[in-house]
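Only one structure is covered here, and it is reproduced in the block below.
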Amino acid sequence: MNILLLGSGGREHAIAWKIAQSPSLERLFIAPGNAGTAATGTNLPVSPNDFPAVKQACLEYRVDMLVVGPEEPLVRGIHDFFLADPEIRHIPVIGPTKEGARLEGSKDFAKEFMTRHGIPTATYRTFTKASLAVGIRFLDTCSPPLVLKADGLAAGKGVMICRTREEAAAELTAMLDGARFGEASSKVVIEQFLEGIELSAFIITDGLTYRILPEAKDYKKIGEGDTGPNTGGMGSVSPVPFARGPFLEKVEQRVIIPTMEGLKAEGIRYRGFIFFGLMNVQGDPYVIEYNCRLGDPETESVLPRIRNDFVALLKSAADGTLDRITLETDPVTYASVMLVSAGYPDKYEKGKRISGLDRAAGSLLFHAGTAFDSEGQVITSGGRVISVTSPGADLNEALGLSYANAPVITFDGKYYRSDIGFDL
Ligand code: AMP
Ligand code: GLY
């Protein structure tokens, strides 16, 4: 079959790499892709948010399945767009409809959903510009730290952790009154800060049943020891030792099953991935957030551990036959270290030549922000540039290989964290 994958990050390179191994694949297209995905299929200069152009590509290349990597096209309704068009209605879309994508697209919706279905999450209240004064008074009844979240998509920047009530009041005002995140902060969720250790759990679902994918931990902060501003993610590891056994059992019973039942009860037929951002609070899981897609850079460490034919897995999610699939995971550990551009997550330069890509023996290199220059050389084109992903019998071995290969790949201004996995 022919598959079109939307997106251009490390997650999409990992998905493309995995899809490309399937015996049932004829042609893989990636829109827009990067220099790494170009080695797994054909990149198309199409924006994932330009639905008519995605449709054209599907017709032109006889696409049999659309796989959506990032959240934005899902939240904007690409699945619904396909369902509503007789020319492309027959093409299955991996990723939820607009309604299901609200789990990520609206923090307020996600919190209400969790409340309705008894899913453990931090206590919260939601405010709008009209109720700003009530919100400020509400802050007086809370004990900091507090977490303020813009309701809508804000490119991963819409969450503020406030250490004092004054800080929270100023932030709430900036978000609601000052439209700090535009339309995304026209509603703000205020929630209790949860103390614990985070991890990411994933399922694939056909809307009827689900399979739990390997869990992962990502490292969001730019600085070592988890300091400094948040990034898209500086590295990841899978498996996560503390998440095994009884904790995972609690995640399934308290979070995954009630989420699936909730979606069914609300008539939301969800086909695709659900990413549960979890906090382990003294052995009990709480949902920090839902995402309607796989995580980045978690995917880079998760997908290499899945032994199944990935196209067959995706197809079963599309067809409603996931109950026939047994997910087979590799007990090996994978660790991903992200090489990033100088200055990231603030301003950074692009267009730096990358060398050493053929010398990282034993590691997988998933491209996150790369492109070709006019001479066909691989250059940087984003903040996150390349994930150095390595296997090992344990975490130390996997990290050891990634850290042996990280210096081999060079580009002007390269930076990476040298302490991924430090807390495990
Ligand atoms: P989100 O965009 O919802 O993933 O939030 C970004 C980050 O903020 C999370 O990865 C957590 O590190 C942190 N965070 C969000 N909500 C909470 C919470 N209730 N308690 C503690 N940390 C939180
Ligand atoms: N790594 C977190 C995310 O993909 O949102």
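On the principal axes of its Cα set, how long, how wide and how thick is region 200-311? Give whole Å, largest value first.
43, 35, 26
Could you please state how large a percent of the accessible area of region 149-279 is carbon and sulfur, counting protein chains only and using a 1.4 Å probe?
Reported share for carbon and sulfur atoms: 54 percent.
Quick one: which of 332-344, 349-361 comes out on top by average Cβ neighbours within 10 Å, and what's the full order, highest first?
Put in order of decreasing packing, that is 332-344, 349-361.
Per DSSP helix of 4 or more residues, -39500 (n - 2.57); summed, then divided by the residues of the chain. What does that give at 222 nm, rounded to the nearest 500?
Roughly -7000 deg cm²/dmol at 222 nm, from the helical runs in the chain.
How high is the relative contact order of the chain, in percent, counting Cα pairs under 8 Å that sit 6 or more residues apart?
Computed over the chain, the figure is 16 percent.
Averaged per residue, what accessible area in Å² does region 29-135 show with a 1.4 Å probe, protein chains only?
Heavy-atom accessible area per residue stands at 41 Å².
If amide hydrogens are placed 1.01 Å from N in the peptide plane, which non-local residues have theirs closer than 5 Å to the one on Ala31?
HN-HN under 5 Å from Ala31: Leu5, Leu6, Gly7, Leu44.
Applying a 10 Å radius around every beta-carbon, put 201-213, 81-93 in order of their mean neighbour count, most first.
Listed from highest to lowest mean packing, they are 201-213, 81-93.
Suppose a student asked you for the relative contact order of region 334-424, using Cα pairs under 8 Å spaced at least 6 residues apart; what percent would you report?
So the answer I get is 41 percent.
Under 15 Å from a point 7 Å along the Cα-to-Cβ line of Ala342: which residues of region 204-245 have their amide N that close?
Under cut-off, by backbone N: nothing.
Of the residues Gly77, Gly362, Gly158, which exhibits the maximal mean-square fluctuation in a Gaussian network model of the chain defined by a 10 Å Cα contact cut-off?
Gly362
Quick check on the chain: take the gyration tensor over C-alpha atoms, sort the square-rooted eigenvalues as a ≥ b ≥ c, and tell me if it's rounded (a/c under 1.5), prolate or oblate.
Rounded shape, in that the Cα axes give a/c under 1.5.
What does the highest-first list of 118-126, 299-307 look like by mean Cβ count within 10 Å?
The peptides rank, most packed first, as 299-307, 118-126.
Just report the Cα centroid separation between region 158-225 and region 330-364, whole Å.
25
Can you give the extra length, in nm with one decimal, that the chain gains between Ser186 and Leu424 once fully stretched, where that is 0.36 nm per residue apart less the Cα-Cα distance?
81.9 nm
Hey, with R₀ at 30 Å, roughly what FRET efficiency would Ser143 and Ala174 work out to, going by the Cβ-Cβ distance, to 0.05?
So, using R0 = 30 Å, E works out to roughly 0.85.
Per residue, how much accessible area does region 289-424 show when a 1.4 Å probe rolls over the protein heavy atoms, in square angstrom?
40
Using the structure shown, list the pairs from Lys107/Lys350; Lys220/Lys315; Lys18/Lys107; Lys55/Lys129; Lys220/Lys352 with a Cα-Cα distance above 29 Å, or answer none.
Lys107/Lys350; Lys220/Lys315; Lys18/Lys107; Lys55/Lys129
Round to the nearest 0.05 the FRET efficiency obtained for Lys221 and His90 when R0 = 60 Å and r is the Cβ-Cβ distance.
0.85
Read phi for every residue in region 260-277 and hand back ³J(HN,Hα) as whole Hz from Karplus 6.51 cos²θ - 1.76 cosθ + 1.60, θ = phi - 60°, with x for Gly and Pro.
4, 5, x, 4, 4, 4, 8, x, 9, 8, 9, 10, x, 9, 10, 10, 9, x
Zone of Thr321 (label point 7 Å along Cα→Cβ, backbone N under 19 Å): which residues in region 65-91?
Answer for region 65-91: 65-67, 90-91.
The values are calculated or read from the model by the stated rules, or taken from the named source; none is laboratory data. Quantities reported herein were computed from a predicted structural model and do not represent experimental measurements. Note that each Cβ is placed from the backbone with ideal geometry, even for glycine, and that neighbours are counted across all protein chains shown. Quick note on the areas: whole protein, heavy atoms, side chains included, nothing else; ligands and nucleic acids left out. Shrake-Rupley method; radii C 1.70, N 1.55, O 1.52, S 1.80 Å.
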